[in-house]
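To start, the structure under review is shown below, and the notes come after it.
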Number of protein chains: 2
Amino acid sequence: MLNSEFLNQLKKIAGASHVQDSKADRLAYSYDATPNFQHMPDVIVSPRTAEDIQHIVRLCASYQVPIVPRGSGTNLCAGTCPTQGGLVMLFTRMNQFIEIDEENLTATVQPGLITQELIREVEARGLFYPPDPSSMKISTLGGNINENSGGLRGLKYGVTRDYVLGLEVVLPNGDIIKTGGKLAKDVAGYDMTRLFVGSEGTLGIVTEATLKLLPLPETKQTMLCLYESLEEAAASVSAIIAERIIPATLEFMDQPTLEVVEDFAKIGLPTDVQAVLLIEQDGNPEAVSRDMQNIAKVCQQHGAKEVNIAHSEEEASALLTARRAALSALARLSPTTILEDATVPRSEIANMVRAIEDIAREYEVKICTFGHAGDGNLHPTCATDARNEEEMKRVEEAFQAIFEKAVSLGGTITGEHGVGLMKAPYLELKVKKEGIAAMKAIKQALDPANIMNPDKVFGKAARKRVVIS
Amino acid sequence: MLNSEFLNQLKKIAGASHVQDSKADRLAYSYDATPNFQHMPDVIVSPRTAEDIQHIVRLCASYQVPIVPRGSGTNLCAGTCPTQGGLVMLFTRMNQFIEIDEENLTATVQPGLITQELIREVEARGLFYPPDPSSMKISTLGGNINENSGGLRGLKYGVTRDYVLGLEVVLPNGDIIKTGGKLAKDVAGYDMTRLFVGSEGTLGIVTEATLKLLPLPETKQTMLCLYESLEEAAASVSAIIAERIIPATLEFMDQPTLEVVEDFAKIGLPTDVQAVLLIEQDGNPEAVSRDMQNIAKVCQQHGAKEVNIAHSEEEASALLTARRAALSALARLSPTTILEDATVPRSEIANMVRAIEDIAREYEVKICTFGHAGDGNLHPTCATDARNEEEMKRVEEAFQAIFEKAVSLGGTITGEHGVGLMKAPYLELKVKKEGIAAMKAIKQALDPANIMNPDKVFGKAARKRVVIS
């Protein structure tokens, strides 16, 4: 429980109506999109300015109250679960465009702005903000920055990190710093911008971001390739890149995923094939049409049973929307849906998909797999029931086996979801104890009192997913 | 002076023939490409493996001997000047390709590999490594990574940072860590890869790097646009981008630069115009030819007196080679050539070029300006004489005024050369004291004994360029 003096000061800073501490409010922010992680915060605050945040951070520091910054809570790593109680900070009052600069091709935004609002606004001006996490309809840019979110266009265009040019950040000591700027190049000291991108709210609070925009590609085309085997689909992925073609999107869905996605979206997806590749290319019309022809040829050579190019923008958009809905569709299968994020070098996709199938069989759990094949970023997704403790133990073991396999193939435990609380026990698999020690030294240097989103990235204990009764 | 026990142990680690401490050797490594910074190291060592380096780092830690890692010493920020003596570490025995992986589009290299050797090797395979610092014929990839080097293709393709996927690093405590990998996406913990890129050897020693490659663009075209005024050239830069065209290269040279470059390269550059833009576009043939036509139109609309498209690859290559030789050409003008690196948002190029001219007049110094106009990255270059103390004082003041102006226009003190020793006194202009404090906290966390390239990035004192007698 927070003492009343703290609460009074908090209300003075943010305004009493922007401080919530009823049980219902606290319950609403006790969990995020990650199943089975929950802890009650003590208070929720919605500041309006960086200066408000500066005062709140200093107040929290003096009372040793943890701060959990939270966008829309769509993360899948329990990154915004307030494990030590304390304060959840919302950005609903800091959700504005500050500027779109068409001459320098930048957008400056507040952290609470919804990703899709930015995308819609810049596309209306013939500009392009590529990072498109599946949650983009509700996720915030501040959340995307803190998680270094990926999306469907990562193969050609990279991830959020590649579009953050500058940040304003309130540090754990209350200092406000500005990093980078509207600059194509800046090497004035350490790359603090990229250190904060993906730091999951553990090093400071992003209060403003300057993002890089591109010209909107002139045109795009989408195709769906159907396969009777996972291996042929995976081989096609490598073969497309080996042809020196980098599609904008190169997505993979296995048969079980297809079935539930079709059942959910009803757009006529094939459910009688073993796998599909959903491929999009963008650019100028000649290049797009030539790339699509070459991709079709490569896929056919590698065993695609059918190659269908979308005939209209609506059809293409329906395909991509269906793919984005995979999590929602899979969530209907069972009481608990755990979507994971193992990533391997592109050349290892076939091995990884096969390993996931073997592991699912070994641990007797149901796992569908889809993901960003071009990035080697797979989302094995388990339909389970958190109330079944025995099954959950097998699920946990299966995922550990998946992460170990990914790392053994030169991959990583998370491609785009972040470590958060959920993957903290597995971080050492990827970065070894020396890597964790170096990261912890940085955390300790910037947040010696450990008030910024504690337990995330490197938890105190090797606590794994737990069943909350 | 180092004690003999230290030297004996060093020889045991690296082999006696790879440890040099004669006066001639020490003199050779007492300076780098930056004029007027010099300090004698105590010893020079050339290790062969990461393990050698681990042992050397631990030895240096126990004897409190500073370590200055050095590629080819082509940096322009006195980043490899051994200001506190100690050990200069060379990578001449760690200069090999480890692997080019055509399936994952990566190259894994040792830090001592020459940039151009990588570029030549991957281009022969139809692949592309875009970062192309002007020094690429002699610079090393380890140096490029430590300085986050830019180049002529930064506008469209970004800088070294954007191509580093993974690193092996020996930390100041002797730990060896591996960051990232052959992965398009990896968010397992803090972005240590980008923290080390551009950290100027102050946080650890890079012993291996995995770099991202792209398919080689099918074709490219080059054009030269001539202007009677700087303003028209600058306005053309903004107008090209406003047309939603991102050229691969968009370089600017003013009249004095043209004159010396032509005198040096003798390729028929115009010397009777006020400025030129050197523009290259790459991609598929249709897009390149359409972009070139549109760029030509935009430049003519904005006052270009003449627009000449190179008729052959030889002609295009001669133009780019001449531009890359600008520093060498300018270096012939006077005993001392100081090439600077102020960077502004692209929209401020005209203002910045005009400010540089005003400042040169005010301080009565000769400054030529050229640079990467598309990136807002200008290289005002001063022809002076280090032996003339009075003039050097004016040069120093003029550059301070240039940095202040760049920052006031939303720019930075260095776009691609790094801070090193030379710009440490100016870093606060850009990142403020709070930003320096945060960077210093990271340095202190990873290198508490301050043995890794001390005095760089944030020097102990506000020491400016000094005249060495």
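Values in this text are rule-based calculations from the coordinates and carry no lab data. If you're wondering where the values come from, they're calculated on a predicted model, not measured in any experiment. All Cβ positions, glycine included, derive from the backbone under ideal geometry; neighbour counts span all protein chains shown.
Ranking B:Gly126, B:Gly174, B:Ile267 by Cα position along the charge dipole of chain B, where only Lys, Arg, Asp and Glu carry charges on their C-beta atoms, puts B:Gly174 farthest toward the positive end.
Rounded if a/c is under 1.5, else prolate if a/b beats b/c, else oblate: with a ≥ b ≥ c from the C-alpha gyration tensor eigenvalues square-rooted, which is region A:168-256? Write down the numbers at each step before the final one.
Values: a/c = 3.16, a/b = 2.24, b/c = 1.41.
It comes out prolate by the Cα gyration axes.
Centre-to-centre separation between the Cα atoms of region A:1-35 and those of region B:3-33: 62 Å.
For the listed residue pairs A:Lys305/B:Lys185; B:Lys156/B:Lys212; A:Lys443/B:Lys443; A:Lys156/A:Lys220, the alpha carbons are over 20 angstrom apart in A:Lys305/B:Lys185. Would you please give the residues with an amide H less than 5 Å from that of B:Gly86, counting only those at least 5 places away or on a separate chain, with H modeled from the backbone geometry? Sorted by chain and number, the residues that satisfy this are B:Asp42, B:Val43. Taking other C-beta atoms within 10 Å as the exposure proxy, B:His18, A:His379 rank B:His18, A:His379 from fewest upward. A convex hull fitted to the Cα coordinates of the protein assembly as shown yields 159 cubic angstrom per residue.
Relative to the 2.2 N^0.38 Å rule of thumb, region A:333-417 has a C-alpha radius of gyration ratio of 1.02.
The same position B:Gln38 in the other copies lies at 7.3 nm from this copy, comparing label points 7 Å beyond Cα toward the beta-carbon, shortest first. Straight-line cross-link reach from B:Lys266 at under 18 Å between alpha-carbon atoms covers these aspartates and glutamates, not counting any fewer than eight positions away in the same chain: B:Asp254, B:Glu313, B:Glu314, B:Glu315.
If each residue's Cβ is checked for other Cβ atoms within 10 Å, how do A:His302, B:His372 rank with the fewest at the top? Present the calculation step by step, with values, prior to reporting the outcome.
Values: A:His302 20, B:His372 25.
Final ranking by Cβ density, sparse to dense: A:His302, B:His372.
Using the C-alpha atoms of region B:16-62, what convex hull volume per residue, in cubic angstrom, is computed? Let's see the in-between values first.
Working: hull volume 5.0 nm³, N = 47.
In region B:16-62, the Cα convex hull volume per residue is 106 Å³.
Taking a point 7 Å from the Cα of A:Asn351 along the Cα-to-Cβ direction, none of the residues of region A:419-436 has its backbone N closer than 11 Å to it. Taking Cα centre as origin and charging only the Cβ of basic (Lys, Arg, +1) and acidic (Asp, Glu, -1) residues, the dipole magnitude of chain A rounds to 1260 debye. Each copy carries a label point for B:Asn308 at 7 Å from Cα toward Cβ; from one copy, the others' points are 5.7 nm away, ordered from shortest. For A:Lys366, the label point sits 7 Å beyond Cα toward Cβ; its separations from the matching points on the remaining copies run 8.0 nm, from shortest to longest.
Treat every Asp and Glu Cβ in the protein assembly as shown as -1 and every Lys and Arg Cβ as +1, leave all other atoms uncharged, and give the resulting dipole magnitude about the Cα centre to the nearest 20 debye.
In debye, rounded to 20, the protein assembly as shown gives about 2420.
For chain A, the longest principal axis of the alpha carbon atoms and the long axis of helix A:427-446 meet at an angle near 30°. Note on region A:141-203: Cα-Cα pairs beyond 18 Å make up 37% of the total pair count. The fewest-to-most ranking of B:Ser408, A:Ser199, B:Ser46, A:Ser22 by surrounding Cβ atoms within 10 Å reads A:Ser22, B:Ser408, B:Ser46, A:Ser199.
Excluding same-chain neighbours fewer than eight residues apart, the aspartates and glutamates reachable from A:Lys432 by a Cα-Cα span under 16 Å are A:Glu404, B:Glu168, B:Asp175, B:Asp186, B:Asp191.
The tail of the calculated P(r) for region A:1-216 beyond 28 Å holds 27 percent of all Cα-Cα pairs. Charge dipole of region A:414-460 (Cα centre as origin; +1 on each Lys and Arg Cβ, -1 on each Asp and Glu Cβ, all else neutral): 120 debye, rounded to the nearest 20. Straight-line cross-link reach from B:Lys393 at under 14 Å between alpha-carbon atoms covers these aspartates and glutamates, not counting any fewer than eight positions away in the same chain: B:Glu362, B:Glu364, B:Asp385. Beyond 23 Å, what percent of the Cα pairs of region B:97-215 remain? Result for the distance tail: 22 percent. The mean of 1/r over all pairs of different alpha-carbon atoms in region A:219-329, once inverted, gives a Kirkwood hydrodynamic radius of 13.8 Å. In chain B, inverting the average of 1/r over every pair of distinct C-alpha atoms gives 22.9 Å as the Kirkwood radius.
Residue-wise HN-Hα couplings along region B:360-376, as the Karplus relation 6.51 cos²θ - 1.76 cosθ + 1.60 with θ = phi - 60° gives them from phi, are 4, 5, 4, 9, 6, 10, 9, 10, 9, 10, 9, x, 8, 4, x, 8, x Hz; Gly and Pro carry x.
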